[in-house]
There are 2 protein chains.
Amino acid sequence: MRKILIVGAGKSASYLIKYLLDKSTEEDLHLIVGDINIRNAKKLIGDHENANAISLDVFDKVSRQAAIQSADIVVSMLPARFHLEVAIDCVTYRKNLVTASYVSEGMQNLHNAVKEKGLIFMNEIGVDPGIDHMSAMQVIDEIRAKGGKMILFESFTGGLVAPESDDNLWNYKFTWNPRNVVVAGQGSAAKFLQENSYKYIPYNRLFRRTEFLEIEGFGRFEAYANRDSLKYQSVYGLNDVRTLYRGTMRRVGFSRAWNMFVQLGLTDDSYTIDDSENMTYRDFVNAFLPYSHTDSVELKFRHALKIDQDDIVWDKLEELDIFSATKMVGLKKATPAQILQKILMDSWTLAENDKDMIVMYHKFGYELNGKRYQIDSNMVVTGEDQTYTAMAKTVGLPLAMATLAILNEKITTPGVQIPIAKDVYEPILKELQDYGIVFTEKDVPYLGYNPLNV
Amino acid sequence: MRKILIVGAGKSASYLIKYLLDKSTEEDLHLIVGDINIRNAKKLIGDHENANAISLDVFDKVSRQAAIQSADIVVSMLPARFHLEVAIDCVTYRKNLVTASYVSEGMQNLHNAVKEKGLIFMNEIGVDPGIDHMSAMQVIDEIRAKGGKMILFESFTGGLVAPESDDNLWNYKFTWNPRNVVVAGQGSAAKFLQENSYKYIPYNRLFRRTEFLEIEGFGRFEAYANRDSLKYQSVYGLNDVRTLYRGTMRRVGFSRAWNMFVQLGLTDDSYTIDDSENMTYRDFVNAFLPYSHTDSVELKFRHALKIDQDDIVWDKLEELDIFSATKMVGLKKATPAQILQKILMDSWTLAENDKDMIVMYHKFGYELNGKRYQIDSNMVVTGEDQTYTAMAKTVGLPLAMATLAILNEKITTPGVQIPIAKDVYEPILKELQDYGIVFTEKDVPYLGYNPLNV
């Protein structure tokens with residue numbers, strides 16, 4: 001039997017393991033699922049005969065190397081910063097490797113060694129990054145095949161709550177790492193390309209420069225710019241496009257409300273608040289407002305951010321109970337971002353039966369025979385429950401399919417890579433359709449970038 | 001003769017040198033003024049018989065050590081980051097040292113060595129830091145001497161243009177390092193204490209949380225919070241105060257207008273703009289506004305920042321010619337902050353006959369016999385011309401007086417220090433009055449922090 005070592009049995013491993021176990025007899029596979037907490041691994045494999053769970057501490061060199069040496073291929077589901085140890089062992093013991101993470105500098109540096117040994121290290125093959133690369137490259141390659149010249153590419157992804165579980169005023173719940181949501185967009189300005197001009201948006205304006213997207217059957221969404229819109233410009237071969245933009249999708253109204261936290265400074269993760277442990281939520285908010293011996297925290301908040309009496313954003317704040325004088329922060333030496341995260345988790349944690357949703361939206365503008373065209377393409381995937389989430393599905397299935405394709409020598413080009421080659425993405429996108437991961441394409445008039453929103 | 005080595009003959013050395021030369025015969029002093037450009041040094045000493053200029057590169061160890069070894073005391077007028085080499089040599093050769101700069105960690109680490117050798121390293125004895133320490137400690141010590149308990153301390157300083165040279169709509173010109181003005185307030189939130197609560201202001205709100213100050217004969221000023229209000233809390237012995245705030249003074253209206261640049265992202269110094277060299281001022285502004293194939297940069301700017309048609313801030317922008325489609329940035333790979341600085345320097349550089357002004361304002365709140373009192377104290381110093389500026393005067397005179405006091409063994413406590421001891425500040429503040437550097441004190445009702453401004 002062919003042995004697949006899966007390192008890390010966290011949240012996003014459910015579909016990956018299910019897919020491979022479903023194929024295990026037919027494909028002659030045996031899964032070794034290693035996690036620092038062996039119960040995580042056992043839970044996901046159940047009593048399947050073609051799998052076993054092991055306790056695996058990735059920092060324990062001896063057991064890590066033994067596990068890797070005994071496998072035919074390795075899938076690392078660890079957080080991105082822990083991949084490198086595994087990757088180096090995979091070079092040493094000549095094992096192929098699959099991850100859903102961004103290619104780090106350390107990973108990229110292994111490229112020559114990986115290539116020389118004829119190995120395949122496939123990365124960025126989850127959902128974002130992953131399905132976004134594959135689905136974008138498929139359309140881009142098709143446009144090029146018919147002689148078109150790409151002039152615009154915009155791509156948006158969002159991890160959201162499914163409509164049937166969408167029951168708060170923010171139309172948002174945490175379906176992934178809450179911390180990443182709280183600090184999203186921080187750092188240098190977001191940079192992108194609009195009609196041949198580089199544009200820059202500082203963090204404090206990011207959530208006020210959104211644009212709208214419509215998905216049939218799912219209504220309206222909005223998107224704010226990612227910091228890294230130009231990251232894949234050369235990788236996708238888009239050096240001559242006029243417009244290049246990558247964004248994050250939310251339900252309409254989220255960003256305007258979120259901007260209140262940004263403006264007040266509640267998302268800052270760069271310093272700690274004195275005596276945060278003993279603060280109430282109200283004390284926390286008040287620390288960002290001027291002192292007054294008469295005026296309420298509420299009025300100071302409304303005044304500072306110029307919130308009218310009948311503005312819906314106010315209801316969103318109240319829903320979070322952020323002005324509570326009894327709820328305690330209870331975190332020692334916490335940053336504003338950590339405290340805000342705690343307050344949001346009270347309200348935005350998925351309930352037992354809540355379902356999540358992944359949405360993706362691409363716009364492709366191109367020129368052909370002197371005319372300009374646009375294709376819009378979108379995908380919506382809804383989760384089944386809190387184990388079989390849309391996130392786990394869209395991350396895990398492409399990972400699993402790539403793993404099997406490498407084992408079966410369907411993917412053969414060696415090196416550290418991401419799934420942008422046709423022979424990689426085509427069979428995977430096709431098989432994903434069987435699991436309901438489908439892109440809907442339509443031709444729309446080419447308008448250029450966001451021409452109606454100033 | 002007693003030899004004083006002055007390292008660095010830059011902008012702020014004029015009064016320092018003049019004061020010491022005026023006293024040189026009576027006090028038996030000889031000045032050695034060293035600068036990397038010997039002409040700077042020669043210009044400031046003229047043909048005075050008690051001084052000579054030397055060419056001095058502070059990174060040339062041999063000549064630096066020779067100069068220090070031959071002196072009886074050293075005054076370092078270098079930028080703060082270059083003091084340490086000089087300071088270490090002063091320890092080696094047992095020379096006292098005087099600087100106007102903040103005590104760096106490296107400088108503080110010399111304290112034990114300095115103390116053991118019986119040396120005096122007096123720092124922070126310019127204007128801010130310097131006169132602010134001395135004038136504040138004088139009042140605080142007086143309040144304590146009569147049994148009062150400090151409950152509030154607020155301190156504000158501004159380097160501005162003198163009223164007679166104040167001829168632009170911003171009521172501001174660069175009288176010191178322009179770069180520091182452009183990036184002022186960046187980094188973590190400003191933190192201070194208001195009525196026993198810590199308060200935090202993020203950068204994007206800093207210029208909208210100003211307060212007003214009135215100085216008789218000079219009208220109204222505004223101030224925004226410094227990042228480091230709590231820095232001297234324990235040094236001044238103010239651990240039990242209810243309110244502690246340090247701020248920067250500007251003429252009223254400056255901060256609201258400056259905030260436009262902050263909001264748009266023009267003060268960001270953390271990344272470079274593509275092809276900045278070939279941009280016009282208009283292109284630069286437009287890079288921070290959405291693309292439009294019809295709307296003007298002006299209207300997009302007004303819309304983005306919600307600037308009404310008749311708002312005075314608009315005239316301030318136009319005065320800077322920031323929408324010029326012909327003026328070129330001309331700086332390669334520049335940050336937004338560097339480009340903004342260049343645009344501002346077109347308008348805010350002091351003209352030949354312009355005079356500068358230093359303003360300082362302290363508020364002292366205290367309790368005595370169960371009652372609360374407040375003393376307000378302020379100082380205004382106007383420059384004479386562009387060599388004998390208010391900045392050079394208020395930095396140079398206390399430095400010079402401290403240097404002479406150390407030489408004459410009037411200051412005797414050894415160690416790395418700042419001028420907060422009575423025997424240090426009292427004679428200096430008294431002598432400064434002879435040069436027109438005078439604080440005006442008045443008793444005012446104690447109101448606590450800023451009670452009328454939300």
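The values are calculated or read from the model by the stated rules, or taken from the named source; none is laboratory data. Predicted model, so just to flag it, every value in this text is computed and none were measured. With ideal geometry, Cβ positions are generated from the backbone for all residues, glycine too; neighbour counts draw on all protein chains shown.
Quick notes
- Scanning the range A:437-454 for residues that are assigned to a loop (DSSP other than H, G, I, E, B) and either exposed (fewer than 13 other Cβ atoms within 10 Å of the Cβ) or touching a strand residue (DSSP E or B) at 6+ places or on another chain (Cβ under 6 Å) (or both) yields A:ILE437, A:PHE439, A:PRO445, A:TYR446, A:TYR449, A:ASN450, A:LEU452, A:ASN453.
- Filtered residue count, the range B:156-200, keeping only those that are without any contact (Cβ under 8 Å) to a residue 60 or more places away in the chain, more than 24 Å from B:LYS363 (Cβ to Cβ) and within 14 Å of chain A (Cβ to nearest Cβ): 2
- Test result for B:VAL297, under 20 Å from B:TYR203 (Cβ atoms), at pLDDT 95 or above and of a type in the set (Val, Ile, Thr): no
- Selection count, the range A:238-247, where residues are buried (at least 21 other Cβ atoms within 10 Å of the Cβ) and either farther than 13 Å from A:PHE153 by Cα or not hydrophobic (A, V, I, L, M, F, W, C) (or both): 4
- Count of the range A:290-324 residues which are of a type in the set (D, E, K, R) and either touching a Phe, Trp or Tyr at 6+ places or on another chain (Cβ under 9 Å) or buried (at least 18 other Cβ atoms within 10 Å of the Cβ) (or both): 7
- Test: residue in the range B:253-269 that is within 8 Å of another protein chain (Cβ to nearest Cβ) and part of a strand (DSSP E or B): no
- When residues in the range B:207-237 are screened for being touching a residue at least 40 places away in the same chain (Cβ under 8 Å), facing another protein chain (nearest Cβ under 10 Å) and over 18 Å from B:PHE153 (Cβ atoms), 1 of them pass.
- Here B:PHE301 passes the criteria (1) within 12 Å of chain A (Cβ to nearest Cβ); (2) assigned to a helix (DSSP H, G or I); (3) farther than 28 Å from A:GLY265 by Cα except the one numbered (3).
- Here the range B:212-237 is the region considered, the condition is being surrounded by fewer than 22 Cβ atoms within 10 Å (Cβ to Cβ) and touching a helix residue (DSSP H, G or I) at 6+ places or on another chain (Cβ under 8 Å), and the residue that is farthest from B:TRP176 (Cα to Cα) is B:GLY237.
- Each residue in the range B:270-281 was checked for being in a helix (DSSP H, G or I), within 14 Å of another protein chain (Cβ to nearest Cβ) and in contact with a helix residue (DSSP H, G or I) (Cβ under 9 Å, 6 or more places away or on another chain), and 1 pass.
Matching residues to (1) at pLDDT below 95; (2) basic (Lys, Arg); (3) under 22 Å from B:ALA113 (Cα atoms):
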site	(1), (2), (3)
B:ARG372	no, yes, no
B:ASN378	no, no, no
B:LEU399	no, no, no
B:THR403	no, no, yes
B:GLU409	no, no, yes
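- Long-range neighbours under 7 Å by Cβ, at least six apart or interchain, first residue assigned by TED's automatic domain parsing to the domain that holds B:TYR361 within the range B:130-150, second surrounded by fewer than 20 Cβ atoms within 10 Å (Cβ to Cβ) and polar (S, T, N, Q): B:SER135/B:SER377; B:VAL139/B:SER377
- When B:ASP295 is tested against (1) within 13 Å of chain A (Cβ to nearest Cβ); (2) farther than 30 Å from B:SER377 by Cβ; (3) outside any loop (DSSP other than H, G, I, E, B), just one condition goes unmet, and that condition is (3).
- In the range A:338-434, counting only strands (runs of 3 or more DSSP E) that sit wholly within it, the ones holding 1 or more residues that are closer than 28 Å to A:GLY148 by Cβ, in contact with an Asp or Glu (Cβ under 6 Å, 6 or more places away or on another chain) and in contact (Cβ under 8 Å) with a residue 24 or more places away in the chain span A:356-368, A:371-382.
- Candidates A:TYR172, A:TYR200, filtered to the one that is assigned to a loop (DSSP other than H, G, I, E, B), surrounded by 22 or more Cβ atoms within 10 Å (Cβ to Cβ) and within 24 Å of the chain's Cα centre (by Cα): A:TYR172
- Taken together, the residues in the range A:1-35 that are in a helix (DSSP H, G or I), of a type outside the set (A, V, I, L, M) and over 21 Å from A:LEU84 (Cβ atoms) amount to 10.
- Any hit, the range B:365-383, residues being surrounded by 17 or more Cβ atoms within 10 Å (Cβ to Cβ) and acidic (Asp, Glu): yes
- When the residues of the range B:56-67 are filtered to those that are at pLDDT 95 or above and among the small types (Gly, Ala, Ser), the one that is surrounded by the most Cβ atoms within 10 Å (Cβ to Cβ) is B:ALA67.
- Scan of the range A:300-316 for residues that are among the aromatic types (Phe, Trp, Tyr) and closer than 13 Å to A:ASN286 by Cα, ordered by number: A:PHE301
- Of all the criteria given as (1) within 14 Å of chain A (Cβ to nearest Cβ); (2) in contact with a Ser or Thr (Cβ under 6 Å, 6 or more places away or on another chain); (3) assigned to a strand (DSSP E or B), the one not satisfied by B:ARG246 is (1).
- Which numbered condition B:ALA162 misses (of (1) in contact with a helix residue (DSSP H, G or I) (Cβ under 9 Å, 6 or more places away or on another chain); (2) of a type in the set (A, V, I, L, M); (3) over 20 Å from B:VAL252 (Cα atoms)): (3)
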